[in-house]
Amino acid sequence: MRADLRELLLAANVPLWRRLLYGLLSLLVATAIWFPCVHVFFRPRVQDYFAPTGVAPQSRALAARHLEFWTRPELKAQEIAKMRGSNAEWDFMGRTFLVLALANMSLREPERKEQYLQIVDQIIDETVRLETKEGMYFFLMDYARSGRYLGQPPRSLFLDGEIALMLGARRLVQERADYRPQLAARVKVMVEYMGKGPAGCAESYPDECWMFDHSVALAAMRIADVLDGSDHSAFAAKWLQAARAKLTDKKTGLLISSCTYHGEHCDGPEGSTIFMVAHCLQLVDEDFARDQYERAKKELRCEILGFGYAREWPVSWKGAQDIDSGPIIPIVGASAGASGLAFVGASSFHDETYLAELLTTLHLGAFPVQRGGTLKFCASNQVGDAVLLYATVLGPLWQKVREKEQHGR
Amino acid sequence: MDAERTGWRAVLHAPVFSPQGFLARAALIVFVFLLCHLVGLREHTSIICGTSPSGDTADRWSAALGVLYALFWFAFVLGVPILVLAAGVFAALLKLRPGRAARSNAEGQAGEAALSADSGAAPAQKA
């Protein structure tokens, strides 16, 4: 019996051609059985990450890690050094997304508001201090120094928009008097620079205007309006009308990602931009924002055997891998940057199917590590995890803007 | 030669295209993956999003370790189950192959005949 089994396992006395044939056939059958089943083992429960009220357990674990390194300077320094080694922007954006996430968490869990706001204030104060002390180039990629800003004196909408959004988010949760003039000043300068640009666009880098930054700026203006009684609705509507006419990719109907100061198209629609744009434009034009999300999903969403991800570019657009897209996985075209921000888009528009697919891929390919009540994804970095955290808790902040506007009327 | 080896040596020296060969390769992948995991190479996978684990973008060694971990992870979650399933399918095919059935039949009948001769009884008829 044992000898029989041994003979069978070794395929002894079987001609080579038959072993090859049976072997290949077996591999084929096994692949056909296993591949459609894999996703089942990696699909987490969506409600572990996304809760309609309160904070879902995995969001809390993600947040715990961020709170840990904002309270332990040696950890923070280590994490920030890793990101700045690749891209100084990520250091800045990691701060923005964490502030936005904590602001939403403060509204979801009022009993922990004080703890969250303490970190929010620490981040905002440090960011503004660094920008003031080191100059705007501190948070920009090196090439910002190599060209000349056409709008003078030089300013970056990337910095003004995100700092304004952080200040506005903080004040929406709880007013802080000294942030009021800071927000007003940022909004004023954004309106001025967008207004004086020949195409209605302000630069983030020399002769580079980015849709991401403009949508963030418009969201920040809207928040400032509901907080301080200003009214930039006509300005925002006019800007959006011009963007729809001149800054849209004709093949897909999606807003492009970047243009020159004079409005010439540079990068076409990109996954690492459009999902955040749709999210921010929810505060400006809800219907248009939803239309952009649906188009982005149609053009960029991919699903293979239960695993979902986003491409960086539509099929009709040929782009090159860059710092925003992150490394692109050949053949399937999956982009870490686009897929990360697809979480923000899908969460904003309550797209649970896409969220479940994206989470499944995250658990397969992003190498989660759960330790001592904290969660991190090793294939990600601080900004990536902060984007994911924000995606899991977003909603209450935007809702508060809508409510405040209704009360204001 | 293979038949004379025992234990791990037999497993490692099984022909590639055999159920045991498939199982041996699955075991090897599991072993290497666990080794990579235990020495902490998972942390190096941040290279996937373009961030060097050490903060130094020129640190190719760290990037290579991250890629190595990712490769063995995917081999572990995709390759190992396929190899194990394939080993089962392979064994089933070998068991069912016509040559083996005929040989087993012949061997069985010869054995029974020998037994009958020993006991002086007529061999039993197959149904």
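Numbers for the structure displayed
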{"quantity": "Residue with peak Gaussian network fluctuation, chain A [Cα springs, cutoff 10 Å], from A:VAL46, A:VAL383, A:VAL216", "calculated": "A:VAL46"}
{"quantity": "Cysteines not pairable in chain A (beta carbon separation under 4.7 Å absent)", "calculated": "A:CYS37, A:CYS259, A:CYS266, A:CYS280, A:CYS302, A:CYS378"}
{"quantity": "Helix A:271-281 axis, angle to chain A major axis (alpha carbon atoms, nearest 10°)", "calculated": "40 degrees"}
{"quantity": "Computed [θ] at 222 nm, helices only, for chain A once each DSSP H run of length n ≥ 4 contributes -39500 (n - 2.57)", "calculated": "-20500 deg cm²/dmol"}
{"quantity": "Relative intensity, log₁₀ I(q)/I(0), of segment A:278-345 from a Debye sum that treats every alpha carbon as a point, q = 0.13, 0.17 Å⁻¹", "calculated": "-0.37, -0.62"}
{"quantity": "Gaussian network model of chain A, Cα within-10 Å springs - most flexible of A:CYS302, A:CYS209, A:CYS37", "calculated": "A:CYS37"}
{"quantity": "Least to most buried among A:SER347, B:SER52 (fewest other Cβ within 10 Å first)", "calculated": "B:SER52, A:SER347"}
{"quantity": "Local electrostatic count, A:CYS201, Cβ distance below 12 Å [Lys/Arg +1, Asp/Glu -1]", "calculated": "-3"}
{"quantity": "Choice from A:SER106, A:SER348, A:SER230 with maximal GNM fluctuation in chain A (Cα, 10 Å cutoff)", "calculated": "A:SER230"}
{"quantity": "Range in chain A, longest, excluding exposed GluC sites (Glu not before Pro) [loop by DSSP; at most 15 other beta-carbon atoms within 10 Å]", "calculated": "A:1-174"}
{"quantity": "D (Stokes-Einstein, µm²/s), Kirkwood Cα radius, segment A:266-397, 0.890 mPa s at 25 °C", "calculated": "165 µm²/s"}
{"quantity": "Folded to 0 to 90 degrees: helix A:88-108 orientation relative to chain A principal axis, Cα", "calculated": "90 degrees"}
{"quantity": "Rg/Rg_globular for the protein assembly as shown, with Rg_globular taken as 2.2 N^0.38 Å and Rg from C-alpha atoms", "calculated": "1.25"}
{"quantity": "Approximate shape of segment A:216-282 as ellipsoid semi-axes (Cα gyration tensor, √5λ), whole Å, largest first", "calculated": "24, 13, 10"}
{"quantity": "C-alpha long axis of helix A:157-173 to longest principal axis of chain A, angle in °", "calculated": "90 degrees"}
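Values in this text are rule-based calculations from the coordinates and carry no lab data. This one's a predicted model, so the numbers in the text were calculated from it and none came from an experiment. Note: ideal-geometry Cβ built from the backbone for every residue, glycine included; neighbour counts use all protein chains shown.
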